[in-house]
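To keep things clear, I will list the structure first and then write my remarks on it.
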Amino acid sequence: MAINPILFTLATAAFLFLCAPAWSAEDAPSSVVEEAPPPADDAPASAEGGPISAGDALTFPEEGSSSSAPANQPSEGSVSEARALIKDRRFTEALVLLQPFLEGGPIETDVLFLIGLASTRASQQSGLAEEDRETLLDGAIAAYRSILIHEPGLVRVRLELALAFFLKEEDDLARNHFERVLAGRPPAPIIANVSRFLNIMRARRRWRGYFGFSLAPDTNISAASNAEAIYINVNGRLLEFTTRGASSGIGLVSWGGVEYQFPLAERWRLRTGFDVNHREYKGGQFDQTFTGVYVGPRWLLDRNTEMSLLAAANQRWWGGSPFNYDIGARLEVQHRVFAGLWLNGRATWQDRTYQQQRFLEGSLMVFSLGANYVLFPTVQVNALVGYQQQETKAHHWNSAGYWTRVGTNVMLPWGFTVGTSAEFRWTNYESGWPSHFRDDGSAREDQTRILQATLLNRAITVFGFSPQIAFSNQVRESNARLSDYKRNLVEMRWVRQF
């Protein structure tokens with residue numbers, strides 16, 4: 001059954017509204033003061049996510065604040081004393097008092113917050129060895145993470161976590177949490193400070209790397225037609241021809257990449273990068289490998305806009321043999337509209353060459369525009385529209401198509417994050433198709449629908465990676481024989497969190 005994209009979008013909006021945190025009059029942010037000075041080092045948003053004034057340079061949750069588990073309390077007085085020591089900037093002494101809480105059972109939220117705060121501030125003391133500094137920051141991250149697993153809406157805690165990642169120069173993670181903090185609508189001084197951190201990370205970015213792996217059961221590895229037989233009109237008679245049909249299997253998937261940006265001038269960088277993706281199945285017949293390299297300048301136009309022009313080359317293997325390669329260029333533009341909302345544009349041109357299927361060789365142009373919006377500290381939405389045009393030696397394979405995708409992810413208590421997305425594609429080909437595809441040789445038209453749901457558990461982390469289950473349902477309907485298919489894909493991934 002076809003899904004109406006408009007109805008799906010409305011249903012997604014209703015879901016986001018129901019999942020959004022309720023804001024009362026007490027939660028409303030204070031008015032924005034133009035050119036407000038950045039707050040002191042200890043002046044992020046309050047633990048409840050509400051605003052604070054410039055005079056509330058350092059506030060803590062009240063003693064005895066709620067916690068999801070019974071507390072381990074070696075000494076009631078030690079918490080108050082540790083709080084006083086932190087206010088006096090005697091962070092190491094505060095950690096000594098708080099250390100016994102780490103040696104027992106569950107810890108209250110306010111104690112975890114004090115441990116994280118003291119660890120972060122102690123890591124910035126002069127004369128500290130780099131190894132000790134890293135250990136303190138890791139301890140702070142672990143404390144904040146423990147709080148956010150159960151209460152992901154605490155904006156103050158998320159701000160401190162972002163700061164810890166910033167100090168460790170793990171900028172991708174820091175940027176993600178800073179953007180979520182801004183979605184909590186903090187007061188102007190906090191916005192100014194966070195914006196300053198974001199600009200520092202944008203300017204200092206040099207190395208960037210990623211990798212991951214998954215186990216992927218797939219009901220249709222090659223996206224083949226599910227039809228067992230087709231009937232073709234031959235001289236007025238319908239003849240039956242059997243098809244190979246779909247093949248299922250379990251794949252091992254791995255992916256990764258690295259990029260380095262060499263500084264050329266204050267606003268100019270030279271980007272160089274490499275990406276790889278490999279999918280392997282039993283027997284090797286359907287193994288797929290993709291590699292790509294790129295190089296080109298990155299221009300920081302202003303505080304909110306940047307542009308890159310990259311020369312790129314890609315190579316693809318199928319079943320262990322070279323399948324095709326591309327040489328071309330792409331233009332990337334990124335613009336921050338306001339806090340939490342980013343627009344991304346991309347234009348790509350490629351000249352595609354095949355090792356065997358020469359009739360498919362030709363040029364490919366792709367244009368896309370995407371938006372990513374942190375709606376609330378725990379809710380993120382994204383959307384994408386695109387257009388693609390391909391020219392080939394075999395004219396009936398010439399095609400033009402467009403697509404749209406909408407998605408969201410929501411952080412829930414107990415460490416769960418739920419994500420959903422829907423993608424719709426429409427592709428039209430020229431006429432002249434052989435009779436076994438189209439009896440009258442008319443143009444081919446395809447419609448593809450891809451629905452995906454993901455479930456992540458942030459509470460389980462191994463070397464910074466958390467388990468995620470992703471389910472994808474893909475359906476393509478076509479007026480050409482052997483061109484439609486159905487596919488269900490499950491991936492059990494490990495992804496980087498916090």
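No value in this document is a laboratory result; all are computed from the given coordinates. Everything quoted here is computed from the prediction, not taken from an experiment. Cβ: placed from backbone, ideal geometry, glycine included. Neighbour counts: every protein chain shown.
What is the spin-label model distance, in nm, from residue 440 to residue 357 if the labels are put 7 Å beyond Cα along the C-beta direction?
For the pair residue 440/residue 357, the computed spacing is 2.7 nm.
What does the charge add up to near residue 182, with Lys and Arg as +1, Asp and Glu as -1, over the other residues with Cβ less than 12 Å from its Cβ?
+4
Quick one: Cα centre-to-centre distance for segment 128-155 and segment 431-480, in angstrom?
So the two Cα centres are separated by 39 Å.
Could you tell me the extents of segment 304-364's C-alpha atoms along the three principal axes, largest first, rounded to whole Å?
Computed over the Cα atoms, the extents are 49, 21, 16 Å.
Taking only the alpha-carbon positions of segment 120-233 and ignoring solvent, what does the Debye formula give for the base-10 log of I(q)/I(0) at q = 0.11, 0.12, 0.20, 0.21 Å⁻¹?
For segment 120-233, the Cα-only Debye profile gives -0.51, -0.57, -1.15, -1.22.
Check each of the trypsin sites (Lys or Arg not before Pro) in segment 264-326 and keep only those in coil by DSSP with at most 15 other C-beta atoms within 10 angstrom; list them in order.
The qualifying sites are 267, 282, 303.
Within a 10 angstrom radius of the beta carbon, how do 433, 317 rank from fewest other beta carbons to most?
Fewest to most other Cβ atoms nearby, the residues stand as 317, 433.
Can you sort 138, 218 by how many other beta carbons sit within 10 Å, fewest first?
Listing 138, 218 from fewest to most nearby Cβ atoms yields 138, 218.
Tally Lys and Arg at +1 and Asp and Glu at -1 over the other residues with C-beta under 15 Å from the C-beta of residue 272: what net charge comes out?
Local charge sum for residue 272: +4.
Compute the relative contact order of segment 312-408 as a whole-number percentage, counting only Cα pairs closer than 8 Å that sit 6 or more residues apart in sequence.
Relative contact order for segment 312-408 comes out at 19 percent.
Hey, rough spin-label estimate for residue 479 and residue 327, points 7 angstrom out along Cα→Cβ, what's it come to in nanometres?
It works out to 3.9 nm between the two label points.
Just grab the label-to-label distance for residue 102 and residue 84, each label 7 Å out from Cα along the Cβ direction, in nm (one decimal).
2.4
Taking 0.36 nm per intervening residue step and subtracting the Cα-Cα distance, what contour gain separates residue 255 from residue 277 on full extension?
Between residue 255 and residue 277, full extension yields 7.5 nm more.
Can you report the principal axis dimensions of segment 363-498 using only the alpha carbons, biggest first, rounded to whole angstrom?
If we take the Cα atoms of segment 363-498, the spans are 58, 27, 22 Å.
For segment 105-153, state which trypsin sites (Lys or Arg not before Pro) are in a DSSP loop and have at most 16 other beta carbons lying within 10 Å of their beta carbon.
Here no trypsin sites (Lys or Arg not before Pro) fit, given the DSSP loop and packing criteria.
Around residue 398, under 14 Å between beta carbons, what's the net of Lys plus Arg minus Asp minus Glu among the other residues?
Local charge sum for residue 398: -2.
Cβ neighbours within 10 Å, averaged per peptide: list 417-428, 357-368 in order, most packed at the top.
Final packing ranking: 417-428, 357-368.
Ranked by Cβ crowding within 10 angstrom, fewest neighbours first, how are 385, 495, 410 ordered?
385, 495, 410
Tell me, what is the percent relative contact order of segment 88-236, built from C-alpha pairs under 8 Å that lie six or more residues apart?
14
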